[in-house]
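S.K.: Quick one: structure below, then a few questions.
The values are calculated or read from the model by the stated rules, or taken from the named source; none is laboratory data. Since the structure is predicted, the reported quantities are computational estimates derived from the model, not experimental observations. Cβ placement follows ideal geometry from the backbone for every residue including glycine, while neighbour counts extend to all protein chains displayed. Accessible surface is based on the protein model in full, side chains and every heavy atom, while ligands, DNA and RNA are left aside. Shrake-Rupley method; radii C 1.70, N 1.55, O 1.52, S 1.80 Å.
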Amino acid sequence: MPAHTPRAILFDIDGTLVDSNYLHVEAWARAFAETGHPVDTWRIHRGIGMDSAKLLDELLGDEVASAGPPAKEAHGRIYAGFAERLRVFSGARELLRELSSRGHTVVLATSAPEEELELLLKALDLGDTVDVVTSAEDADTAKPAPDILQAALDRAGTAPQDAVMVGDAVWDVESAQRAGVRCVAVLSGGTGAEELRRAGAIAVYDDVAQILADLDDSPLAGERA
């Protein structure tokens, strides 16, 4: 076994384990249009994974106070209608099960609202593979603030230096850095490798299937003595 093996592996869900980022983009685009404030989809995509309050502020600007609440309600309603389109990325279940079998604490460190998390967990169908799951209820402010990762670490009983985060967005990387956790990034959420590296990712993979294939040589396995 490698020396200095990380005790806990923290995973983002949207865009990392489940192919849901573009469903969020579509839901937000429809929500903004429905409420009379259409937004270009590329701008929406840039904010996926960010705290929803920050996303709304970024996209609606001065109109956020009046347009934000109805847009957020519409997004939740529209996204819920996409439940049957949620697809787990190849290798996601297998990676989490392999990490669990090796003795790692497997953590789903997401700030998704409870109703969205329920849909994601149903799609993942991981049984008892996961040790800790967070949600929006566990932090006042979502990524890129470190709150949700700090809550995840606390519940896992793990120090930041003994954990590795896996995420797909710049916001995941920035949140991990603020929490003192190393972050491995994947391209499956639609953010480019160079941007993820500039944000501070210590390694970038195409997707979780590639991490699984290279697991023994990845940061998730730790440093060899």
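S.K.: Test ALA123 against the criterion of being in contact (Cβ under 8 Å) with a residue 12 or more places away in the chain, surrounded by 19 or more Cβ atoms within 10 Å (Cβ to Cβ) and over 13 Å from the mean Cα position of the chain (by Cα), and give yes or no.
M.R.: So ALA123 passes the test.
S.K.: Given the structure, is LEU215 modelled with pLDDT of 95 or more, open to solvent by 50 Å² or more (accessible area, probe 1.4 Å) and in contact with an Asp or Glu (Cβ under 7 Å, 6 or more places away or on another chain)?
M.R.: no
S.K.: Another question, then. For the stretch 74-97, give me each residue that is open to solvent by 80 Å² or more (accessible area, probe 1.4 Å) and either touching a Cys at 6+ places or on another chain (Cβ under 6 Å) or within 27 Å of LEU56 (Cβ to Cβ) (or both).
M.R.: Residues satisfying the conditions are ARG77, GLU84, ARG85, ARG87.
S.K.: Looking only at the stretch 197-208, count how many residues are open to solvent by 30 Å² or more (accessible area, probe 1.4 Å) and in contact (Cβ under 8 Å) with a residue 60 or more places away in the chain.
M.R.: 1
S.K.: Of all residues being farther than 19 Å from VAL133 by Cβ and β-branched (Val, Ile, Thr) in the stretch 157-196, which is surrounded by the fewest Cβ atoms within 10 Å (Cβ to Cβ)? Just the residue, please.
M.R.: Restricting to residues being farther than 19 Å from VAL133 by Cβ and β-branched (Val, Ile, Thr), the top hit is VAL170.
S.K.: Moving on. Would you say GLY222 is at pLDDT 95 or above, surrounded by fewer than 19 Cβ atoms within 10 Å (Cβ to Cβ) and either basic (Lys, Arg) or on the phi > 0 side of the Ramachandran plot (or both)?
M.R.: When the stated conditions are applied, GLY222 does not pass them.
S.K.: Right, another one. Return the total of residues in the stretch 123-139 being modelled with pLDDT of 95 or more and assigned to a helix (DSSP H, G or I).
M.R.: Going through the stretch 123-139 one residue at a time, the tally reaches 2.
S.K.: For the stretch 98-120, what are the residues that are buried (at least 16 other Cβ atoms within 10 Å of the Cβ) and polar (S, T, N, Q)?
M.R.: SER100, THR105, THR110, SER111
S.K.: Filter the stretch 126-135 for residues that are of a type in the set (A, V, I, L, M, F, W, C) and open to solvent by less than 40 Å² (accessible area, probe 1.4 Å) and give the result.
M.R.: Result: LEU126, VAL130, VAL132.
S.K.: Can ALA142 be described as crowded, with 20+ Cβ neighbours inside 10 Å and within 18 Å of LYS54 (Cβ to Cβ)?
M.R.: It is true that ALA142 is crowded, with 20+ Cβ neighbours inside 10 Å and within 18 Å of LYS54 (Cβ to Cβ).
S.K.: Just give me the residues in the stretch 71-118 being in a helix (DSSP H, G or I), over 30 Å from HIS37 (Cβ atoms) and touching a residue at least 12 places away in the same chain (Cβ under 8 Å), in sequence order.
M.R.: The answer is ALA92, ARG93, GLU94, LEU95, LEU96, ARG97, GLU98, LEU99, SER100.
S.K.: Being in contact (Cβ under 8 Å) with a residue 24 or more places away in the chain and over 21 Å from LEU95 (Cα atoms) narrows it down to one residue among ALA136, ALA176; which is it?
M.R.: Going through ALA136, ALA176 in turn, just one is in contact (Cβ under 8 Å) with a residue 24 or more places away in the chain and over 21 Å from LEU95 (Cα atoms): ALA136.
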